[in-house]
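Since the structure comes first, as C-alpha cells, the remarks are kept for the end.
What follows draws every value from the coordinates through simple rules; no lab data is involved. Note that the structure is predicted; figures quoted are calculated from it, not measured. With ideal geometry, Cβ positions are generated from the backbone for all residues, glycine too; neighbour counts draw on all protein chains shown.
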Amino acid sequence: MSNRQPPIESLEVEDRVFPPPEQFAARAVATSDLVAAAAADPEGYWAAEASRLEWIEPWQQVLDRSGAPFFKWFTGGRLNASANCLDRHLAERGDRVAFYWEGEPGDAQEITYRDLYERVCRLANGLRELGVGKGDRVAIYLGMVPELPVAMLACARIGAPHTVVFGGFSPNALSERIQDCSCTAVITADEGWRNGKTIPLKANVDAALESCPSVEAAVVVRRTGGEVTWAEGRDHWYHELVERQAPACPPEPMDSEDLLYILYTSGTTGKPKGIVHTTGGYMAGVASTHRQVFDLRDDDVYWCAADCGWVTGHSYIVYGPLANGCTGVLYEGAPGFPGPDRWWRIIERHRVSILYTAPTAIRTFMKWGTDAPAGCDLTSLRLLGSVGEPINPEAWMWYHQHIGGGRCPIVDTWWQTETGTIMISPLPGITSTKPGSATFPLPGVGADIVDEAGTSVGLGQGGYLVLTEPWPAMLRTLYGDDERYLETYWSRFPGLYLAGDGARRDEEGYFWLLGRIDDVMNVSGHRLSTIEIESALVDHPAVAEAAVVGRADAITGQAIAAFVTLVGGVVGDEDLIGELRGHVAKRIGPIARPQSIVLTADLPKTRSGKIMRRLLRDISDDRQLGDVTTLANAEVVREIADMATAARAAGQEE
Ligand code: PRX
C-alpha cells in the first residue's frame, strides 16, 4: 500500500461488535443458508434471484464469459425494466403508495403504483411523439421532483437509455455529458428548490445546449413557476405534452444486454467516464440486493435520502425498490430546511422504517446536535444504512444511538457507480457489525484484497480492493471507450476488477475500506477528480498551473484544497482567490468549489517535473512532511506550508 494515512483513525482500536438483534435474526430475509447456497453455486444463486423478475422471454445462458472482461448476463432473455417496476404490481398493489413525495417548500404528493404507472406511460408516449425511440439517449437534469423517477422509467419503457445529470452540475458539465453520448432530448424543469433558493435549471440547459447540436427537444417541468426563456420548436412544457397522451404505453421488449442507462462519474483524467449499465443483470442485482441488505418486508416504509443524480438514487430509490413493490419516500430539498429537524419530521410523518443515507449527512447532523432528532418520534425506524464513503466509528455510534435508538442494525454498504449494486455489506439478520467496517462481500460476490503483485494478502493486512468474479449489475464498458474500460479496471491485475479503493481485512476477515488509491477525491460522498478541478483552474486566464488534493474534513470526508501559480505578472489577492473558487463552481458545479486556494510562486516538483501531490496532501492535512529528497525545489515547500495553514483557517471559517 501507499504511505497514505487511513482515513479511519480509530481503525486499529475498534473492538466494539454489534450482533444482530434477536427479533431481526428470527425473521430475516437473508439467512445463512442462502449465503451458503450462493457460495456453493454463485451462478445458480444469481439465476434464482433473476427469476424473481418478470421476463418476456427466458434467458438461455446465465453468464457468458467468452468475451471477458466484457461479460454478459442472462443472454437471450428479454424484459422491460419499467414493466418490472410498475405493470406487474398493478393487479395486487396498484393502490399501494410507491412514493410519499415532499417538496422543499412543504407541498406533498402521495403517488400510488397506479398513478406512477400512468404518469410514466403518458411521458413515454410524449417522448415517442417527440421522436425519441429505442436506443436514443435522453439527458435528465432535474431536482428531486416526482418527474425525475417518472422520466427515468419513461425512458426505460421505450428503450431510450437515460443519462441523469445531477441538478447541481453546471451548464458546462451538463453539455460535456450530453455531447459524450449525443443525447437527442433533455428533460428538465424551470427551476429547482434548494435551501429556500431556486436553481436555474432551464437557464443552465439553455446555456448547455448552445454546444449540443444533437439535442432536438427539451421537455420542461413547471416546478417553481419562475421565468424561463423559450426556444420555439425545441422546448415543450411537460404538462402540456403529457396531458394529450394516453395513460397506457406498451413496454418495449429489451434484450437483457440492451443499455438501460449511462451515468457519468469522475475518473483520474479530466474527462468523466460514462458508466454503461444494461437491463437484465442490473435489474436482477438491484432487486436482489435491495431485498436482502434492507431486509425488506411488506409493511416497510423505506427512505433512501440520496439524489437520483447519483447511482444510489438509480439503484436504491428507483429500480431496486420499485422492482420490489416497496413504499418509498422522496424528498426534494436540503436537510436543514426550514430547520434542522426536517428529516426527522419526515420520518415521523411517514413512519419510515428504513433510512439509507451518507456519512457526510450524518456528520452534518452531529454538528447540529441531538435536540432535533430527540424532539421527533423515530420509533418507526428498524434499520439504518450508510453509503458513499467510509463511515468513521464516531459517526456510526452517533447514528446508532441518536437516530436508531440503539436498536437498529446499521448496514454500511460499499459499492460504486461501476458496480451498480451493493457489493460489501452486512446482512442485518446474520452479520455482527463493527462500527466503521462494511464487513463482508454479499452472497454471490467475490472480493479480495491484494498486494502490488496481485497476491491475496493475509488477515490483518492492507492492499488493493479487487472483485474476483463477474456480477450481474457490473458495468459493461465505458460509453464509447472500451479501451479505457480495459485500462482502468482490468489492466492492473489481469482477471481481477480493480475497484480503486484501498482496504484492509482484520483478524476476523472483516473488510475495512480506506479510501481511494488514485487521484479521486470523495467530497460529501461524491466522487470528484483532482484533475478535473485542476483543469478548471488552469482554464482561468490568470492561472499558470494548479494542483488539487483532498484534505481530511470532519463534515464532508474530504475538502478540496488547491495550490495555484499565476501567470507572470498577475498579482494575487483575496478577490482573485474568490474569483477562482467561483470559476471552478461555474465550470463544474458548486460541489467542486475549492475550500481553500493557496497562491504560490511554485509547486513542489520532482526532477522529472511531476507535481508531488503527496507532499501537498501532507501539507493540507498538517502532517509531518514526507520525503522531500526527490524534490527539484525543496525550498518552496516550507513557504507553501505556512500559507496553507492560513488558507485552511480562512476556508474552514466559512
Ligand atoms: O471510495 C469508495 C466510496 O465511494 C466510491 C464510489 O463512489 P461512487 O461511484 O460515486 O458511488 C457512491 C455510491 C455507491 C468507492 O470507490 N465508497 C462508497 N461506499 C463506501 C465507500 N467507501 C467506504 N465505505 C462505503 N460504504
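Mean separation of Cα pairs under 8 Å and 6 or more residues apart, divided by the residue count, gives region 345-501 a relative contact order of 15 percent.
Compared with the direct C-alpha span, the chain from F70 to M397 gains 113.6 nm at full extension, assuming 0.36 nm per residue.
Net charge of the neighbourhood of A323, taken over other residues with C-beta under 10 Å away and scored Lys/Arg +1, Asp/Glu -1, is +2. Once backbone amide H atoms are built at 1.01 Å from N, V598 has A562, F563, V564 as its partners under 5 Å, excluding neighbours fewer than 5 places away on the same chain.
Electrostatic bookkeeping for W101 treats Lys and Arg as +1 and Asp and Glu as -1; over the other residues with beta carbon under 13 Å from its beta carbon, the sum is -4. Kirkwood analysis of region 182-241, using all unique Cα-Cα pairs, places the hydrodynamic radius at 11.7 Å. When only DSSP loop residues count, what trypsin sites (Lys or Arg not before Pro) in region 347-434 have their Cβ near at most 16 other Cβ atoms within 10 Å? Loop-located and lightly packed - R351, R407. Each 5 Å bin from zero holds the following percent of Cα-Cα pairs in region 327-481: 2, 8, 15, 19, 18, 14, 10, 7, 5, 2, 0.
Prolate is the label for region 459-519, because a/c, from the alpha-carbon gyration tensor with a ≥ b ≥ c as root eigenvalues, is 1.5 or above and a/b exceeds b/c.
Amide H contacts for R223 (H built 1.01 Å from N in the peptide plane; partners 5 or more residues away or on another chain; cut-off under 5 Å): D190, E191.
With θ taken as phi - 60° and the Karplus curve 6.51 cos²θ - 1.76 cosθ + 1.60 applied, the whole-hertz 3J(HN,Hα) list for region 337-352 is 10, x, x, x, 9, 3, 4, 6, 5, 4, 4, 5, 4, 9, 6, 5 Hz, x standing for glycine and proline. Here the label points at E483 and D15, each 7 Å from Cα along the C-beta direction, are separated by 5.4 nm in the simple model. Phi-derived couplings, Karplus 6.51 cos²θ - 1.76 cosθ + 1.60 at θ = phi - 60°, listed residue by residue for region 243-259: 4, 8, 9, 6, x, 9, 7, x, x, 6, x, 10, 5, 3, 9, 5, 4 Hz, with x used for Gly and Pro.
Do any cysteines in the chain lack another Cys Cβ under 4.7 Å, and if so which? That list is C85, C155, C181, C183, C212, C304, C308, C326, C376, C408. Loop-located GluC sites (Glu not before Pro) in region 441-546 (DSSP state not H, G, I, E or B) with no more than 14 neighbouring Cβ atoms inside 10 Å: E452, E507, E508.
All other residues whose Cβ lies under 13 angstrom from that of P42 are scored, Lys and Arg at +1 and Asp and Glu at -1, for a net of -3.
Computed extension gain for K134 through R52, at 0.36 nm per residue and net of the alpha carbon distance, reaches 27.0 nm.
Of all DSSP bridge pairs formed entirely within region 524-649, close to 75 percent run antiparallel. Coupling constants for region 401-406 follow from the phi torsions by the Karplus curve (6.51 cos²θ - 1.76 cosθ + 1.60, θ = phi - 60°), and in residue order they are 7, 8, 9, x, x, x Hz; glycine and proline get x. Working note: Debye formula, equal point scatterers on the alpha-carbon atoms of region 109-252, no solvent; log10 I(q)/I(0) at q = 0.15, 0.18 Å⁻¹ is -0.68, -0.99. For the chain, a/c is less than 1.5, where a ≥ b ≥ c are the root eigenvalues of the C-alpha gyration tensor. That puts it in the rounded class. How large is log10 I(q)/I(0) at q = 0.22 Å⁻¹ when the Debye formula is applied to the Cα atoms of region 479-599, each weighted equally and without solvent? Ignoring solvent entirely, the Cα scatterers give -1.19. The slack in the chain from K197 to A25, taken as 0.36 nm per residue of separation less the alpha-carbon distance, amounts to 57.4 nm.
Per q in 0.12, 0.17, 0.23 Å⁻¹, report the Debye log10 I(q)/I(0) for region 384-464, using one uniform scatterer on each alpha carbon and no solvent. Debye output, listed in q order: -0.39, -0.74, -1.15.
Note on D451 and Q61: the model spin-label points, each 7 Å out from Cα along the C-beta direction, lie 3.7 nm apart. Take the Cβ-Cβ distance between A554 and A108 as r, set R0 to 45 Å, and report the resulting FRET efficiency rounded to the nearest 0.05. Step by step, r from the Cβ atoms, then E = 0.85.
Calculate for the chain the 222 nm mean residue ellipticity that helices alone would give, adding -39,500 (n - 2.57) per DSSP H run of length 4 or more and normalising by residue count, nearest 500 deg cm²/dmol.
Value at 222 nm, helices only: -8000 deg cm²/dmol.
Database remark: amide H of D307 closer than 5 angstrom to the amide H of G313 (H placed geometrically; neighbours at sequence offset of 5 or more, or on other chains; Pro and chain starts carry no H). Contact order for region 109-252, expressed relative to its length and based on alpha carbon pairs under 8 Å spaced 6+ residues apart, stands at 29 percent. Restricting the GluC sites (Glu not before Pro) of region 172-248 to loop positions (DSSP other than H, G, I, E, B) with no more than 13 neighbouring Cβ atoms within 10 Å leaves E210, E227, E232.
Region 237-257 and region 550-571 have Cα centres spaced 46 Å apart.
Relative contact order for the chain: 14 percent, from Cα pairs under 8 Å spaced at least 6 residues apart, divided by residue count. Overall, the anisotropy analysis places region 135-185 in the oblate class: the square-rooted eigenvalues a ≥ b ≥ c of its C-alpha gyration tensor yield a/c not less than 1.5, with a/b not exceeding b/c.
Please check which bits of region 378-409 a label hung off E348 would reach, taking the label as a point 7 Å along Cα-to-C-beta and the cut-off as backbone N under 13 Å. Once the point is set 7 Å along Cα→Cβ of E348, 378-380 turn out to lie under 13 Å by backbone N, inside region 378-409.
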